[in-house]
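The values are calculated or read from the model by the stated rules, or taken from the named source; none is laboratory data. The model shown is predicted, which means the values in this text are computed figures rather than measured ones. Here the Cβ positions follow ideal geometry from the backbone for every residue, glycine too, while neighbour counts run over all protein chains shown. To get the accessible areas, we keep the full protein, side chains included, count just its heavy atoms, and leave off ligands, DNA and RNA. Shrake-Rupley method; radii C 1.70, N 1.55, O 1.52, S 1.80 Å.
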Amino acid sequence: MIKVKNLFKAFDGLQVLKNISLEIKKSEVVVLIGASGSGKSTLLRCINFLEIKNSGEIEINGQVIDTQKTDLNKVRENMGMVFQHFNLFPHMTVLANVIEAPVHVKKVSKQEAMEKAMQILEKVGLLDKAHQYPDQLSGGQKQRVAIARALAMEPDVMLFDEPTSALDPELVGEVLETMKNLARDGMTMVIVTHEMGFAREVADRVIMLADGQMVEEGHPSVFFTKPEHERTRRFLQQVL
Ligand code: ADP
Ligand code: MG
């Protein structure tokens, strides 16, 4: 579904991603880990073209994306992105937040978008909050609305950048549970997280980044018990 080949990205001369190559298959759940500043967010942002690579290739659904010639908004519509901060529209109800992009970007009828939105809200356990406003919700509920909003565009892949890092500890579980359900439904997901228990349970593959390079990747059963590289071992010691 996503192929990244020899990706390089620099900001003002600072190399942030160095020769990244990876492949994400349909229905695969890939967890990206690594210290702060290692390039995890930049990699996600390059994958959905919020940042434009300096060199290398990104292929989505079999198509190499030429950033000059492709309508990047169209490419982005197929990738749901969930950030640490939920970025909901505060003046809109939960339901209005969820139907906003389908109606205004995808030009789906309001009726159809609302029906779909209610199904998705049910799935993330927020049907009863449809007519509330974001500031009436807990952080965990807000993040689940953000997930619902991304799902409403029916993306092929969901990208998560530390979706639980801004939450109080007691609210982390409900968001992880929602993400687990998505994985179970076969959603393709790339997730930056420090939740190692979640990674162990849900990831098909864990990738460790350090200084903009891929240090190691593997199935969690191997990755967490027998990491090959010293940098992975050191990182895991700090977070586990
Ligand atoms: P991570 O998500 O792993 O913490 P980031 O991808 O956010 O790492 O950042 C990697 C490096 O790139 C850091 O040194 C960061 O300061 C730098 N960086 C990220 N975004 C920008 C930007 N827009 N302009 C300049 N430097 C940036
Ligand atoms: Mg980051």
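Quick check on my filter: what residues within the range 49-72 are within 17 Å of the chain's Cα centre (by Cα) and free of Cβ contacts under 8 Å to residues at least 40 places away in the same chain?
Passing the criteria: 49, 50.
Quickly run through the range 37-58 and pick out the residues that are in a helix (DSSP H, G or I), more than 9 Å from ligand 1 (Cβ to nearest atom) and open to solvent by 50 Å² or more (accessible area, probe 1.4 Å).
Scanning the range 37-58 gives no hits.
Go through the residues of the range 42-59 one by one and say whether even a single one is of a type outside the set (Val, Ile, Thr), closer than 30 Å to residue 220 by Cβ and touching an Asp or Glu at 6+ places or on another chain (Cβ under 6 Å).
Checked the range 42-59: at least one residue is of a type outside the set (Val, Ile, Thr), closer than 30 Å to residue 220 by Cβ and touching an Asp or Glu at 6+ places or on another chain (Cβ under 6 Å).
Here is a list of conditions, (1) more than 16 Å from ligand 1 (Cβ to nearest atom); (2) open to solvent by 10 Å² or more (accessible area, probe 1.4 Å); (3) of a type outside the set (Lys, Arg); (4) modelled with pLDDT of 95 or more, and residue 11 meets all of them except one; can you say which number that is?
Residue 11 satisfies every listed condition except (1).
Condition (residue is at pLDDT below 95, open to solvent by 10 Å² or more (accessible area, probe 1.4 Å) and within 16 Å of ligand 2 (Cβ to nearest atom)) applied to the range 87-110: is it met by at least one residue?
Within the range 87-110 (the criterion being at pLDDT below 95, open to solvent by 10 Å² or more (accessible area, probe 1.4 Å) and within 16 Å of ligand 2 (Cβ to nearest atom)), the answer is yes, since at least one residue qualifies.
Name every residue in the range 14-33 that is closer than 17 Å to residue 187 by Cα, away from ligand 2 (no atom under 12 Å from the Cβ) and open to solvent by less than 20 Å² (accessible area, probe 1.4 Å), in order of residue number.
24, 29, 30, 31
Kindly establish whether residue 61 is open to solvent by 60 Å² or more (accessible area, probe 1.4 Å), under 18 Å from residue 157 (Cα atoms) and more than 16 Å from ligand 2 (Cβ to nearest atom).
Judged against the criteria, residue 61 is a match.
Where the second residue is among the aromatic types (Phe, Trp, Tyr) and surrounded by 13 or more Cβ atoms within 10 Å (Cβ to Cβ) and the first is closer than 11 Å to residue 196 by Cα and free of Cβ contacts under 8 Å to residues at least 60 places away in the same chain and lies in the range 215-240, which pairs have Cβ atoms under 8 Å and are six or more apart or on separate chains?
What qualifies is 236/224; 240/224.
Out of (1) within 16 Å of ligand 2 (Cβ to nearest atom); (2) free of Cβ contacts under 8 Å to residues at least 60 places away in the same chain, the odd one out for residue 84 is which?
Looking at each condition in turn, residue 84 falls short on (2).
Only one of (1) closer than 19 Å to residue 157 by Cα; (2) within 16 Å of ligand 2 (Cβ to nearest atom) is not met by residue 36, so which one is it?
All conditions are met except number (1).
Yes or no: residue 80 closer than 17 Å to residue 192 by Cβ and more than 16 Å from ligand 1 (Cβ to nearest atom)? So that I can check it myself, show each step before the final result.
On the way: closer than 17 Å to residue 192 by Cβ: yes; more than 16 Å from ligand 1 (Cβ to nearest atom): yes.
So residue 80 passes the test.
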